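As structure tokens, the structure follows; a few thoughts come after it.
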Amino acid sequence: MEWYHILIIIYVVVINIIAIVVTVKDKQAARHKKWRISEKTLFIIAALSGCITMYITMHLIHHKTQHKRFMIGIPVIFACEIFVCIAILEICR
């Protein structure tokens, strides 16, 4: 395994941990009527490859599941990421 593969794996693990933590923190803030994490920030983290764990976490803790913007937007981001990955792999062949 090349060094850059290891960096990619570390990056994906870290961004997904961040996605889980941020989603849970936003849910806790919503419950306690405290300062919330912006939707823009949540979408940015999803777009940085945290979409899978964010989507799963949202369902597990029942957070933002009534918001079509998230329930449609995050899977669309994931589909775009898959498309980009496939395109990059094809270019690198």
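Against the chain, whose longest principal axis is taken from its Cα atoms, helix 68-92 shows a tilt of about 10°. Taking other C-beta atoms within 10 Å as the exposure proxy, Thr41, Thr57 rank Thr41, Thr57 from fewest upward.
A simple spin-label model places pseudo-atoms 7 Å from Cα toward Cβ; at Leu89 and Leu48 they are separated by 2.5 nm. Answer with a single label: of (i) 58; (ii) 50; (iii) 64, which was calculated as percent of Cα pairs over 16 Å apart from the structure in view? Matching entry in (i) 58; (ii) 50; (iii) 64: (i). Neighbour counts of C-beta atoms inside 10 Å place Leu48, Leu42, Leu60 in the sequence Leu60, Leu48, Leu42, starting with the fewest.
Can you tell me the relative contact order of region 3-92? Whole percent, Cα pairs under 8 Å, sequence separation 6 or more. In percent, rounded to a whole number, it is 28.
For Lys27, a cut-off of 20 angstrom between C-alpha atoms picks up these aspartates and glutamates, skipping any fewer than 8 places away in its own chain: Glu39.
No lab work stands behind these numbers, since they all come straight from the coordinates. Source: prediction; values computed, not measured. Glycine gets a Cβ as well: all are built from the backbone with ideal geometry, and neighbour counts include every protein chain shown.
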